[in-house]
Amino acid sequence: MALPDRKTDALANADTAPFLLTPEVLRRFHESQTANVSVDIAGASHRGMVRATNQDHFLVGHIQRSLDILDTNISADFIPRNYGETAYGMVVADGMGGTRAGDVASKLAIRTLLELVMQTPGWIMRATPGAAEEHLRRQRERFDQIQQALGDYAACYPTTESMGTTLTVVASLGLDFTVAHVGDSRAYLFRGGELLRVTRDQTLVQGLIDAGKLTPETAKRHPQRHVLTGALTAAERPVDTQLLKMHLDFGDCILVCTDGLTNMVPEPAIAEVLKTGGPARTNCKTLIQQALEAGGTDNITVAIARYSERPRT
């Protein structure tokens, strides 16, 4: 799904052609930015009821660039008193390959991702046409570099050579939304009371479902249901990174989670929790508690972001 082109060429080139902007264009440009988007974002993780350690790792955060005008003799109808852009991110990784190896893999994947993001010249994302494509191109390169980092680590510490991890990365600027994904952790969009899965599981059973050889119900009982066909590992092999971009609406909610949630709590029950519209942190805790009550056979990680319109002042 492509992001709609909601800006004129003049707006898209605002940084390179500032003297061509009229007061009306400036006003429209400011209104199209992220200042009117409120994001309630949180994450939580639990080792579950069976596992001795938690090999899931997650991170939620934001990166900002902003300017607050403290004093000027230019009227407020010509320039706004503040310009701001805030990009939000949610990252979930489910490690595998033994206790030590899985723990290292998921943590190292997130740490390497952060280092690569912070090394990126310029702003992390831009609310301009073509920016989402550029961001996703960078994400594909970053996933390849993360796999290389895992391989380099395993070369130094051979006991971790079996390590691997899923990695699902959601980033948003305003209402523009991108996903980069490998493995069987998931990203969902909750909109209008419906829970829509936006990532595809890279598993053996998902391939059989796609080929018409299994139904989703029979896949839940398949003896090889946990076998991954895609992950970040220490091996030298291509990374099959799924990439997605779309536009959010006010009222939308994004959920990112490991299979410790989805194997325990059915999607209709997840949707019921999100329907409550409560705080993101409360929803995370509720979903984890439901997974624990269902048996908690794996580590459980949940991250949620709710998007709403900030009242204008």
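Coordinate-derived values only; no laboratory data. Keep in mind it's a predicted model, so treat the numbers as computed, not measured. FYI the Cβ positions are ideal-geometry reconstructions off the backbone, even for glycines, and counts take in every protein chain you see.
Translational diffusion of the range 152-273, estimated by Stokes-Einstein from the Kirkwood radius over alpha carbon pairs at 37 °C in a medium of 0.692 mPa s, is 205 µm² per second. I'd like the FRET efficiency for MET49 and ARG310, computed as 1/(1 + (r/R0)^6) with the beta carbon distance as r and R0 of 51 Å, rounded to 0.05. Result of the calculation: an efficiency of 0.80. In this Cβ point-charge picture (+1 for Lys and Arg, -1 for Asp and Glu), the range 9-309 has a dipole of about 660 debye about its Cα centre. Here r is the Cβ-Cβ distance between ASP210 and GLU134 and R0 is 25 Å; the resulting FRET efficiency, rounded to 0.05, is 0.25.
Sequentially through the range 36-50, phi angles give Karplus couplings (6.51, -1.76, 1.60; θ = phi - 60°) of 8, 9, 9, 10, 9, 10, 7, x, 7, 8, 8, 6, x, 9, 10 Hz, Gly and Pro residues having no value and appearing as x. Fewest-first ordering of ARG237, ARG65 by other beta carbons within 10 Å of each residue's beta carbon gives ARG237, ARG65.
For the pair THR282 and VAL227 in one chain, pulling the backbone fully straight at 0.36 nm per residue adds 16.6 nm over the alpha carbon distance. Global size of the range 242-313: 13.7, 48 Å for Rg and Dmax (C-alpha atoms, Rg to one decimal, Dmax whole).
Taking other C-beta atoms within 10 Å as the exposure proxy, LEU204, LEU150 rank LEU204, LEU150 from fewest upward. Cα extents for the range 9-309 along the principal axes, largest to smallest and rounded to whole angstrom: 69, 46, 37.
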